[in-house]
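The structure under discussion appears below in the form of structure tokens.
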Amino acid sequence: MSCFLTCVRFDDSTTDKKSKITGSVSVSGITCYTWGDVESLTSNFSRLIGSGGYSSIYLARLSGAKKAAFKVHVGSHRLYQVFRSELEILLRLQHPHIVKLLGYFDDSEETGALLLEYLPQGNLQEKLNHNSKQVLPWRNRTAIAFQVAQAMEHIHEKCSPQIVHGDIKSSNILLDKNLNCKLCDFGSARVGFSSMVQPSTTMSSPRSKQVRMIGSPGYTDPHYLRTGIASKKMDMYGFGVVVLELVSGKEAVSAKKGEMLVHTAAPLIHDICDLGANIAEEKVRQFLDPRLSKDSSLDIEEVKTMLGVAAFCLRSPPSLRPSASQVVQTLVQKIPSLSFLSCGKEA
Ligand SMILES: Nc1ncnc2c1ncn2[C@@H]1O[C@H](COP(=O)(O)OP(=O)(O)OP(=O)(O)O)[C@@H](O)[C@H]1O
């Protein structure tokens, strides 16, 4: 992979890289852009469409009025390293439910930008928000769970070396115009053995600069918090929280009360683990997003299946949690509404 990157990187041995780099190069369909390209494609960063802890995302206009998103990491070597790590992972990933890399800019020091396909309906967290204009229909919620599970199955089981995403959450799930979804933000991902290595410096030392804990509040696997070892099962935990959000329409951490959804849902999850499909319908309905009450696609048995999947993904110890392919199989078998999608098992 680094060989590939070296092949397309500009000769940047001179000092003022941004001004000296001219012209873009395209290799294997991925275009290597200049900083001037980044500025002109984003109309000088005129439209911010998202921001996170590591980057700012701007709308870009390609030829033929095609839209894209430039994810820009500027300002420090640490942010640059996050960019490089995401770039190297996205270069090897191709899946219908993983955001597609179209190109990048790399100054090899402290600035990097990823050109990504543009997902016009924003992220799932915004779509589930009660201020959102549209209520996400039930059948789209099950489809999103299914598609995210397929993306996770791909990175966990079908890639070599395998990848742990490290930050599965609803704001890292993007929606296209048909409400199909794509997993994004591989800046925290761990590849192969790196996911199994416990950070060498003590986790308890708040001053340690070498340990960069990954994950987000409300989604972080308690086992990872204790050990610092990233694993596929920590992704399954994050996925369990996303499924709870899809069913309840509530945030992983309530903005008003600061309550975690996993805690609010704990009694229900406990009952589901004990009773499975025999759980009282009334309890399920109490947890369900009230905005779905008039949704004709709602099927209470499917809601129970989704909650069952969430309950298993949140189990401790992590070895009790299902794999992504087990989740894909369960959803395909138990949620007939998924058949409305034209995709098969591997969409
Ligand atoms: N390709 C895209 N199309 C549309 N919107 C996007 C795209 N990529 C990112 N966004 C928007 O920007 C937000 C932040 O993106 P992303 O999570 O990749 O940034 P980050 O800096 O890695 O954030 P984090 O703090 O979660 O690590 C997303 O939640 C989404 O709203």
remark   = Stretched fully, the stretch from Glu259 through Asp295 gains (0.36 nm per residue minus C-alpha distance, one decimal, in nm) 10.2 nm
ask   = Can you pull out the trypsin sites (Lys or Arg not before Pro) in the stretch 88-195 that DSSP calls coil and that have at most 13 other Cβ atoms within 10 Å?
value = Lys133, Lys177
ask   = Between the stretch 276-329 and the stretch 228-273, how many Å separate their Cα centres?
value = 12
ask   = Given labels modelled 7 Å from the Cα in the Cβ direction, how far is it in nm from Arg226 to Gln162?
value = 2.1
request  = Set the Förster distance to 56 Å, then compute FRET efficiency between Ser43 and Gln329 from the Cβ-Cβ distance, nearest 0.05.
outcome  = 0.75
ask   = Could you give me the ³J(HN,Hα) list for the stretch 267-275, computed from phi with Karplus coefficients 6.51, -1.76, 1.60 and θ = phi - 60°, whole Hz, x at Gly and Pro?
value = x, 5, 4, 4, 4, 5, 5, 6, 9
Trypsin sites (Lys or Arg not before Pro) within the stretch 224-298: DSSP coil, no more than 13 neighbouring Cβ in 10 Å = Lys256, Lys257, Lys294
request  = With r as the distance between the Cβ atoms of Arg78 and Ala266 and R0 = 51 Å, compute the FRET efficiency 1/(1 + (r/R0)^6) and round to 0.05.
outcome  = 0.90
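Readers should treat all values here as calculations from the given coordinates under stated rules, not as data from a laboratory. What you see is a predicted model; the values in this text were computed from it and never measured. FYI the Cβ positions are ideal-geometry reconstructions off the backbone, even for glycines, and counts take in every protein chain you see.
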